[in-house]
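Rule-based calculations on the coordinates, nothing more; no lab input. All values reported here derive from a predicted model rather than from experimental measurement. Methodologically, a virtual Cβ is constructed for each residue, glycine included, from the backbone with ideal geometry; neighbour enumeration extends over all protein chains shown.
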Amino acid sequence: MNHNLALKPIFTLIGCFILLSANTLAQSTNRVIDIFPRGTLLYDDIPYANDTLKKHLLDIYVPTNGKDRHPVVIWIHGGAWMSNDKYADMSYMKETLRAFIDSSYVVASIDYRWSTTAAFPAQVRDCNQAIEYLYTHADKYNLDRKRFALIGFSAGGHLANLIGLSNDNTVKDFYYNGRKPEFRIRVVLDFYGPSNFFTLKGNDSKDPRNPITLLLGGTVADKPDLAREASPIAYIDKQDPPFLIVQGEKDESVNPDQSTSLNTRLQSAGVKSEVIIVPGAPHYGVMFDAENIRQRVFYYLKQYMK
């Protein structure tokens, strides 16, 4: 694909409007474009690392309303660090996605390498590199580089937490070139993301297919230094961005005290934070697309992305 011409409208104006790319009919393979409001523009499959890896791609969904540069909500998918892609978690968060676009926020969704092919910290390096791409190419996509927020789900919540909390530190392992990037994260929206590998359910499993074991290359007991490096709570300080944490009461995969403990530690450090425990909710699903949660999401965005 010619990515200089990767802008594809996902709406119809006076019949079917089709973008021609280098004399070839460019048709999107994006599986979730119908979720977004009519008129949304899509920059599809952008190679953020300047290579050919399928897991080094991102999508940018741009609202057509508003004349100013758009604040950005960066979407990091879940999947136990070993599955899914940049379309994941969108199918049960439809109303929230539409609200982002309707409120003139850009949504940028990141793919990153799975733990089955690259152990930690490859995943956080990829996400940081993707965010740096958005920052350095902000003019091209009409983005406000001073207003970046993260939203992550499960494993993606862990990565969002880790990026947000380490953003004011210098952790060379987290960056592809070893250099701290220029971007700043203004808000983190954490949906049931792990925060502490030492207390995370399943961290002592000897099963080589266990998600934690795959990510770290061993159990937490085997890899305590790496487990500490991968735990977002290790980077909490008073300079961190505000956090909204959302967790299911009946989460069978990520024990809820991962979220409540994170919230307590953030508040103790003087960071603006709150946790919403969704009654009866499992690990993921439409219960997290509720109006009351969406109201708090937009409160945080509007309050701290001014």
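Counting other Cβ atoms within 10 Å as a rough exposure proxy, the listed residues Lys223, Lys250 run Lys250, Lys223 from fewest neighbours to most. This ranking places Ser231, Ser83 by how few other beta-carbon atoms lie within 10 Å of each, fewest first, which gives Ser83, Ser231.
By its C-alpha gyration tensor, with a ≥ b ≥ c as the square roots of the eigenvalues, how is the range 52-137 shaped: rounded for a/c under 1.5, else prolate for a/b larger than b/c, else oblate?
On the way: a/c = 2.94, a/b = 1.60, b/c = 1.84.
In terms of gyration-tensor shape, oblate.
Which stretch or stretches of the range 26-66 have amide N atoms under 11 Å from the point lying 7 Å from Arg98's Cα along the Cα→Cβ direction? From the range 26-66, the list is 35-38. Cross-linked pairs Lys272/Lys306; Lys272/Lys302; Lys67/Lys302; Lys67/Lys306; Lys67/Lys140: no Cα-Cα separation exceeds 20 Å.
Separation of the range 128-171 from the range 70-119 is 12 Å, based on Cα centroids. Extension gain, Lys54 to Asp139, is 28.1 nm, computed as 0.36 nm per intervening residue step minus the present C-alpha separation. Eigenvalues of the alpha-carbon gyration tensor of the chain, scaled by 5 and square-rooted, set the equivalent ellipsoid semi-axes at 31, 21, 19 angstrom, largest first.
Taking other C-beta atoms within 10 angstrom as a stand-in for reagent exposure, His137, His158, His56 fall in the order His137, His56, His158, fewest first.
In a simple Cβ point-charge model (Lys, Arg +1; Asp, Glu -1; nothing else charged), the range 175-279 has a dipole of about 340 debye relative to its Cα centre.
Which shape class applies to the range 128-178: rounded if a/c is under 1.5, otherwise prolate when a/b exceeds b/c and oblate if not, where a ≥ b ≥ c are the square roots of the Cα gyration tensor eigenvalues? Display every interim value, and only then the final one.
Numbers: a/c = 2.05, a/b = 1.32, b/c = 1.55.
The shape class here is oblate.
The residues neighbouring Arg228, those whose beta-carbon lies less than 14 Å from its own, together hold a net charge of -3 under the Lys/Arg +1, Asp/Glu -1 convention.
Computed from the C-beta positions of Tyr176 and Met82, the FRET efficiency with R₀ = 22 Å rounds to 0.60.
Between the helical axis of 122-136 and the dominant principal axis of the chain, each derived from Cα atoms, what acute angle in degrees is found, rounded to the nearest 10? The angle comes out near 40 degrees.
For Val124, what charge total do you get from the other residues with a beta carbon under 10 Å from its beta carbon, if Lys and Arg give +1 and Asp and Glu give -1?
Summing Lys and Arg as +1 and Asp and Glu as -1 gives -2.
To the nearest ten degrees, helix 155-166 and the longest principal axis of the Cα atoms of the chain are 80 degrees apart.
Placing dummy labels 7 Å off each Cα toward the beta-carbon, the span from Asp34 to Asp207 is 3.5 nm.
Taking the C-alpha atoms only, the angle from helix 291-304 to the longest principal axis of the chain is near 90 degrees. Within straight-line reach of Lys201, meaning a Cα separation under 17 Å, sit the following lysines at least 8 residues removed in sequence or on another chain: Lys223, Lys250.
Per-residue extension of 0.36 nm, minus the Cα-Cα distance of Asn292 and Asn65, leaves a gain of 79.2 nm for this segment. Straight-line cross-link partners of Lys86 among the lysines, defined as a Cα under 16 Å from its Cα and at least 8 positions apart when in the same chain: Lys54, Lys55, Lys94.
Based on the Cβ-Cβ distance of Ala221 and Glu249, what FRET efficiency does E = 1/(1 + (r/R0)^6) give at R0 = 41 Å, to the nearest 0.05?
That pair, Ala221 with Glu249, gives E of 0.90.
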